[in-house]
Structure formats: C-alpha cells, structure tokens
Amino acid sequence: MVVRIGDTITLQCSNVTTAVGHTAWFKQVNGSEPVCISSMYGFNSTPDLHNGFQRSHFEMFSNNTTIFLKITKVEIAYCGMYFCGLYPHSHVVFVNATVLKIQGPDSQRQPQNDQNQDPDELCRPEFQLQEEEDGEERMSWTPM
C-alpha cells in the first residue's frame with residue numbers, strides 16, 4: 001500500500017472470531033526484529049501502546065470480527081510491514097500483512113498495492129537526479 005505523508009489509513013485484521021484472547025499489531029522494517037505497536041485482550045479491553053508508539057498517531061480498536069490499526073498523520077518513518085498477531089489458545093498466529101510505503105506530499109506517482117514486495121527493499125530510498133529552476137542538478141530521494 002502506498003500512501004502520502006500526512007495521510008490517515010486504517011489497517012485491518014479480518015475474520016477474527018470472538019474467541020480470540022490476546023491480539024496485537026506489529027511493525028517490521030527491512031528484515032529487522034518485529035516490534036509490537038499495540039496490544040489488547042479480547043474485543044472490549046482498552047489497548048495498550050508499546051515501544052514508544054504514540055496515541056496521537058496509532059489507535060488500535062475492534063469490533064466482533066475485525067481488529068483495526070488506525071494510523072494518522074503518516075510520517076516517512078512509518079514505512080514497513082504491518083501485521084496483526086493473535087494468541088487464541090496455546091500458539092501465536094500472524095495474519096494480514098500489509099507493506100506500507102510512504103511518498104512525499106507532492107509526488108506524482110499513483111498509489112499501488114505491493115503485497116509481494118521484498119521487505120528488505122521497502123524502506124530504502126529511491127535516489128533521483130533533478131534539474132532545479134536555477135539549472136543546477138541536485139540529488140533528491142523519495143522513500144519507496
């Protein structure tokens with residue numbers, strides 16, 4: 001999923017039964033260890049945020065069948081692979097991975113889904129040589 005800086009998006013973990021115990025949202029960047037963003041127990045509990053993620057940007061909530069992660073005011077640092085984890089009984093199940101790429105606010109590219117994107121490539125910048133108004137060429141980068 002490609003979004004722009006400042007956008008608000010909502011990710012979802014669908015078809016979850018009401019029997020689910022602990023649930024959590026995770027983020028992974030460039031093959032690093034996944035980091036827990038938020039977790040909750042059951043559908044009616046108050047979610048906790050972890051690892052420095054701020055309520056002003058991340059909100060986990062649910063209904064009887066779906067667990068959501070709302071991300072507001074998207075920043076470049078939010079690129080990565082997001083997925084939810086369920087701990088229904090005696091083992092963890094990871095589902096609904098979404099690769100999130102971030103574009104600058106003035107990018108002309110059209111959004112596209114890249115669910116099969118290599119996670120090792122998803123947060124590397126794309127360097128471009130651009131000619132400025134003064135005739136000089138300058139290197140700029142666009143997060144992928």
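The values are calculated or read from the model by the stated rules, or taken from the named source; none is laboratory data. Everything quoted here is computed from the prediction, not taken from an experiment. Please note: Cβ atoms are built from the backbone with ideal geometry, for glycine as well, and neighbour counts cover all protein chains shown.
Side notes on the structure shown:
- Taking the conditions (1) in a strand (DSSP E or B); (2) touching a Lys or Arg at 6+ places or on another chain (Cβ under 9 Å); (3) not small (Gly, Ala, Ser) in turn, Phe53 satisfies each one other than (1).
- Condition check for His57 on (1) surrounded by 14 or more Cβ atoms within 10 Å (Cβ to Cβ); (2) at pLDDT below 65; (3) under 17 Å from the mean Cα position of the chain (by Cα); (4) closer than 18 Å to Gly6 by Cβ: one failure, at (2).
- Exactly one residue out of Phe61, Phe83 is closer than 23 Å to Gln103 by Cβ, in contact with a Phe, Trp or Tyr (Cβ under 6 Å, 6 or more places away or on another chain) and in a strand (DSSP E or B), and it is Phe83.
- Taking region 25-59 as the range and being among the β-branched types (Val, Ile, Thr) and free of Cβ contacts under 8 Å to residues at least 12 places away in the same chain as the test, only Thr46 passes.
- Restricting region 33-52 to residues that are crowded, with 16+ Cβ neighbours inside 10 Å and small (Gly, Ala, Ser), the residue that is modelled with the highest pLDDT: Ser38
- Cβ-Cβ under 9 Å pairs, at least 6 apart or on other chains, region 76-89 side within 19 Å of Thr66 (Cβ to Cβ), far side of a type in the set (Gly, Ala, Ser) and part of a strand (DSSP E or B): Tyr82/Ala97; Phe83/Ala97; Cys84/Ala24; Cys84/Ala97; Gly85/Ala24; Gly85/Ser39; Leu86/Ala24; Tyr87/Ala24
- The one condition in (1) modelled with pLDDT of 90 or more; (2) not in a loop (DSSP other than H, G, I, E, B) that Asp7 fails to fulfil: (2)
- The residues listed here are Asp134, Asp114, Asp106; of these, the one that is more than 19 Å from Asp7 (Cα to Cα), among the acidic types (Asp, Glu) and modelled with pLDDT under 90 is Asp134.
- Per-region count, region 15-32, residues part of a loop (DSSP other than H, G, I, E, B) and at pLDDT 90 or above: 1
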